[in-house]
1. Those residues that are at pLDDT below 95 and either in contact with a Cys (Cβ under 8 Å, 6 or more places away or on another chain) or of a type in the set (S, T, Y) (or both), I need them from the stretch 46-64; list them, please.
2. Within the bounds of the stretch 55-72, is there any residue that is under 15 Å from the mean Cα position of the chain (by Cα), assigned by TED's automatic domain parsing to the domain that holds E322, among the hydroxyl-bearing types (S, T, Y) and buried (at least 16 other Cβ atoms within 10 Å of the Cβ)?
3. Out of S312, S293, report the one residue that is of a type in the set (G, A, S), in contact with a helix residue (DSSP H, G or I) (Cβ under 8 Å, 6 or more places away or on another chain) and exposed (fewer than 13 other Cβ atoms within 10 Å of the Cβ).
4. What pairs come out if I take residues in the stretch 26-44 that are crowded, with 16+ Cβ neighbours inside 10 Å and pair them with residues that are among the acidic types (D, E) and not in a helix (DSSP H, G or I) whose C-beta lies under 9 Å away, six or more apart or interchain?
5. Before we move on, is V129 in a helix (DSSP H, G or I), within 27 Å of V41 (Cβ to Cβ), touching a Phe, Trp or Tyr at 6+ places or on another chain (Cβ under 7 Å) and not assigned by TED's automatic domain parsing to the domain that holds V211?
6. Looking only at the stretch 398-412, which residues are at pLDDT 85 or above and within 23 Å of A347 (Cα to Cα)?
7. If you check D108 against the conditions, is it in contact with a helix residue (DSSP H, G or I) (Cβ under 6 Å, 6 or more places away or on another chain) and more than 20 Å from E25 (Cβ to Cβ)?
Amino acid sequence: MPLLTLGINHTTAPVEVRERVAINEQNLGHALKKLITVPQVDEAAIISTCNRTELYCEVNQLDQGRQEILTWLNSFHNLSTDDTKPYIYDHLDDSVVRHIFRVACGLDSMVLGEPQILGQLKSAYQDAVQADTLGRNLNQLFQRSFNVAKKVRTNTEIGTNPVSVASAAVSLSKNIFGDFENLTALLIGAGETIELAVEHLKSAGVNNIIVANRSVERAQSVADKVEGRGVGLSYISEALPQSDIVMTATASPLPILGKGLVESAIKQRKRKPIFMVDLAVPRDIEPEVSTLSDVYLYTIDDLQNVIEHNISSRQQAADEAEIIIDHEVLEYSQWLRGQGIVNTVRAYRNKAETQRDEILEKAHKMLEQGKSTEETLQFIAHTLTNKLTHEPTEALRTAGKQGKNELIDAARILLNIPNDE
């Protein structure tokens, strides 16, 4: 059955579109269980990050499956076809395999070669396992994507000179502030992106770091890595006026920082500027905040230019990675094609074993009736030979009458019969 991927990412859709189709972690299990009920879908997994939302499915029929999945996606988000159609891309079969391998290796990321996507891919896999929406083929596809990513990082320099959205954000902030030593940074969220941002800020020289999160314990755990302070979300209004740098990356469906809150902080800072980076999808900071004087607000899309400057050194490694991926796509495709014959082989063996059992049962009855061992063995050999050769022989005779020489040639290969001289 066909493999199909439908999705949007940072290259096909702006942040305001991506945030409308993003599926947060809390809803992912529910979404998977709904997606697997789509009639054409046999297996399913969903990857949803700030830069992409992708549906990986095995479907019964391609065209109908594609339409049903698109309908489901729009319905799930209360969107119309016009809302998503201009931004959707799809991949089929080998293209699906190549795409997920490139995603796992960071070759399809905003930051070339960034490693965070592999962790997100593994999380998506675990979510699908928990929701029981993976079958043999997608399970194998994800497992192989993890192995390909490991092979690429081991055999190329794709991970050297590490760059990420977080490091790009810190690099951009250097254009606003020359010296970081006396600055205060407020980071909202406590996920992997914020952890990276904390480390980059500390390395850049920021000594006063505050991490705010719904879980104070989790915030403190992240802050402890840089001798910072962890606080709850309720402390944001107090911390904001003290903060020179603000970075956000939460899974909140609604903005955390509104225009009024930021405007109040600016007044308390006596117009001292704030550098703000919203790394979340959906956005954590209301877009209207960008209209305020003394606020430099950047979204994840604004980091693209900084990122492009940092990726040039990775391009050669990416070219080497593509060669590895080419080989691995072929390997998986051969495995997948092999699965198509598994049921046929199993059915053939089951049929042969059924015929064997029937003949053995008759042989036992012959012995019980006093037939000699020799006569019984002759019966088994003769009958089993006839049973196993009758249908192939009749099929070959029919093929000969109909001039289907290609079928006869295939039979010679399958049955290991030498050609007549």
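The values are calculated or read from the model by the stated rules, or taken from the named source; none is laboratory data. Here the structure is a predicted model, which means the values were calculated and not measured. Note that each Cβ is placed from the backbone with ideal geometry, even for glycine, and that neighbours are counted across all protein chains shown.
1. T49
2. Looking only at the stretch 55-72, we keep the residues that are under 15 Å from the mean Cα position of the chain (by Cα), and these are 55-58.
Filter again for assigned by TED's automatic domain parsing to the domain that holds E322, leaving 55-58.
Subset that is among the hydroxyl-bearing types (S, T, Y): 56.
From what is left, the residues that are buried (at least 16 other Cβ atoms within 10 Å of the Cβ) are 56.
For the stretch 55-72, residues under 15 Å from the mean Cα position of the chain (by Cα), assigned by TED's automatic domain parsing to the domain that holds E322, among the hydroxyl-bearing types (S, T, Y) and buried (at least 16 other Cβ atoms within 10 Å of the Cβ): present.
3. Only one candidate passes the filter, namely S293.
4. Hits for this filter: L32/D132; I36/D42; I36/E43; I36/D132; V41/E58; D42/E58; E43/E58; A44/E58.
5. It is false that V129 is in a helix (DSSP H, G or I), within 27 Å of V41 (Cβ to Cβ), touching a Phe, Trp or Tyr at 6+ places or on another chain (Cβ under 7 Å) and not assigned by TED's automatic domain parsing to the domain that holds V211.
6. Within the stretch 398-412, T398, L407 meet the criteria.
7. Considered against the rule, which asks whether it is in contact with a helix residue (DSSP H, G or I) (Cβ under 6 Å, 6 or more places away or on another chain) and more than 20 Å from E25 (Cβ to Cβ), D108 comes out as yes.
Residues are listed down the side, and each one gets a yes or a no for (1) more than 30 Å from E58 (Cβ to Cβ); (2) of a type in the set (G, A, S); (3) in contact with a strand residue (DSSP E or B) (Cβ under 9 Å, 6 or more places away or on another chain):
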{"site": "G119", "(1), (2), (3)": "no, yes, no"}
{"site": "Q130", "(1), (2), (3)": "no, no, no"}
{"site": "V148", "(1), (2), (3)": "no, no, no"}
{"site": "T156", "(1), (2), (3)": "yes, no, no"}
{"site": "L196", "(1), (2), (3)": "yes, no, no"}
{"site": "K202", "(1), (2), (3)": "yes, no, yes"}
